[in-house]
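The values are calculated or read from the model by the stated rules, or taken from the named source; none is laboratory data. As the structure is a computational prediction, the values presented were derived from the model and not from experiment. Don't worry about glycine lacking a Cβ; one is built from the backbone with ideal geometry, like all the others, and counts go over all protein chains shown. Surface areas here come from the heavy atoms of the whole protein model, side chains and all, with no ligands, DNA or RNA. Shrake-Rupley method; radii C 1.70, N 1.55, O 1.52, S 1.80 Å.
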Amino acid sequence: MVKEIERTGIPVVHICTIVPISQTVGANRIVPAVAIPYPLGDPAKTPAEEKEIRRAILEKSLKALETPITEQTVF
């Protein structure tokens with residue numbers, strides 16, 4: 001899906017828990033997530049800590065969208 005969207009000229013960031021799979025399927029901008037069962041958080045953390053985790057991943061993803069790339073890049 002990521003590659004098809006990018007073919008239309010829209011940059012995409014793939015937030016993933018297993019980077020090698022994202023690389024295999026051809027995602028160009030890859031941002032690692034936290035863990036498989038909880039990609040964007042950690043239930044052991046407080047709500048405030050989870051918000052910080054999510055914000056950091058989102059900010060990294062937005063930076064990845066702004067970054068010109070010529071090959072697959074893990075941010």
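General observations
- Charging the Cβ of each Asp and Glu at -1 and of each Lys and Arg at +1, and nothing else, the dipole of the chain about its Cα centre rounds to 60 debye.
- For the chain, the longest principal axis of the C-alpha atoms and the axis of helix 47-66 are separated by about 10°.
- Tensor-based shape of region 21-75 (alpha-carbon gyration tensor, a/c under 1.5 rounded, otherwise prolate or oblate): oblate
- Of the solvent-accessible surface of the chain, computed with a 1.4 Å probe and all protein chains present, 60% belongs to carbon and sulfur.
- Computed from the C-beta positions of LEU58 and THR17 and an R0 of 25 Å, the FRET efficiency is 0.95 to the nearest 0.05.
- Remark: spin-label model distance GLU6-ALA44 equals 3.4 nm, labels positioned 7 Å along the Cα→Cβ axis.
- Extension gain, THR67 back to THR24 (0.36 nm per residue minus Cα-Cα distance, nm): 13.4 nm
- Residue ranking by accessible heavy-atom surface, 1.4 Å probe, largest first, among ILE30, ILE53 comes out as ILE53, ILE30.
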